[in-house]
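Notes follow the structure.
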Amino acid sequence: MNPPSDSALGASMSEVLFSAQDIATKVVEMGAELADHYRGKRPLVVGILNGCFPFIADLVRAMDIELEVDFMSVSSYGAGTKSTGVVRFIKDLNQPIQGRHVLLVEDIIDTGLTLRYLTEALQTRKPESIEVCALLDKQAGRTQNIEVRWRGFMCPDAFVVGYGLDYAGIYRNLPYVGVLDPSVYRGK
Ligand code: 5GP
């Protein structure tokens, strides 16, 4: 799919992978499934900042159950398009999770390093359960053996932006997910 020709941000995109409508339909489906799974368990839904913000906002509104929301922030990328392999811890949860059902919400999983680091750190706090829900799963990049229980879409092996995902801080506000034209970052 081509990006809309009258869009300023769209001019930097080579392709739309998942349209706003594709995403909306999928998120409602995932929310219903998650609500069934967590009904009566009052889960703590944990968004991994910054990229999760549109996804978690749409997802929790599609879950018609009692739940709480919190956020964590780690960084493994800096401003580039390839993982540095270094995970930096920036913001912790605001509450203990002992005995809680924790659902980690990620925008995209690539190597799996971020999630492995996070789940290992959170397991030491003795939650009742930890599961992972990701909008996009880029399996070609995986180096870690992690379980992603709920995923929206399989993502091709390309650097994608939009619906929360950035390049150097930009493009998070695109309503769809697309492939950034390599000319934008070539030589950087
Ligand atoms: P991982 O630790 O699994 O390699 O990477 C997870 C994080 O890397 C994601 O939360 C996201 O911030 C970033 N990331 C991985 N692939 C992409 C991509 O294609 N585009 C963007 N914008 N970020 C990505």
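Of note:
- Neighbours by Cβ (under 9 Å, 6+ apart or cross-chain): first from segment 120-149, in contact (Cβ under 8 Å) with a residue 12 or more places away in the chain and under 24 Å from ASP22 (Cα atoms); second among the polar types (S, T, N, Q) and within 10 Å of the ligand (Cβ to nearest atom): LYS138/THR111; GLY141/SER83; GLY141/THR111
- If the condition is being assigned to a strand (DSSP E or B) and either within 22 Å of GLY31 (Cβ to Cβ) or of a type outside the set (D, E, K, R) (or both), then segment 90-123 contributes ILE90, HIS101, VAL102, LEU103, LEU104, VAL105, GLU106, ASP107, ILE108, ILE109.
- Evaluation of ASP64 against (1) in a loop (DSSP other than H, G, I, E, B); (2) surrounded by fewer than 16 Cβ atoms within 10 Å (Cβ to Cβ); (3) within 16 Å of the ligand (Cβ to nearest atom) (one fails), failing number: (3)
- Total residues in segment 120-135 satisfying the condition of being over 15 Å from the mean Cα position of the chain (by Cα) and either within 10 Å of the ligand (Cβ to nearest atom) or among the hydroxyl-bearing types (Ser, Thr, Tyr) (or both): the figure is 2.
- Scan of segment 18-43 for residues that are of a type in the set (A, V, I, L, M, F, W, C) and either within 14 Å of LEU136 (Cα to Cα) or touching a residue at least 60 places away in the same chain (Cβ under 8 Å) (or both), ordered by number: PHE18, ALA20, ILE23, ALA24, VAL27, MET30, LEU34
- Residues of segment 145-178 that turn out to be over 16 Å from ILE109 (Cα atoms), surrounded by fewer than 19 Cβ atoms within 10 Å (Cβ to Cβ) and either among the acidic types (Asp, Glu) or in contact with a Pro (Cβ under 9 Å, 6 or more places away or on another chain) (or both), as a count: 3
Each row is one residue, and each column tells you yes or no for (1) within 12 Å of the ligand (Cβ to nearest atom); (2) more than 25 Å from TYR38 (Cα to Cα); (3) modelled with pLDDT of 95 or more.
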site	(1), (2), (3)
ASP137	yes, no, yes
ASN145	no, no, no
ALA158	yes, yes, no
LEU165	yes, yes, yes
TYR171	yes, yes, yes
GLY178	yes, yes, yes
SER183	no, yes, no
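- Of residues in segment 60-108 being at pLDDT below 85 and in contact with a strand residue (DSSP E or B) (Cβ under 6 Å, 6 or more places away or on another chain), the one nearest to TYR163 (Cα to Cα): SER75
- Restricting attention to segment 136-168, the residues that are not in a strand (DSSP E or B) and not hydroxyl-bearing (Ser, Thr, Tyr) add up to 19.
- Yes/no for GLY31 being on the phi > 0 side of the Ramachandran plot and modelled with pLDDT of 95 or more: no
The values are calculated or read from the model by the stated rules, or taken from the named source; none is laboratory data. Worth saying up front: this structure is predicted, and the values here are computed from it rather than measured. Using ideal geometry, Cβ is built from the backbone for each residue, glycine included, and neighbour counts are taken over all protein chains shown.
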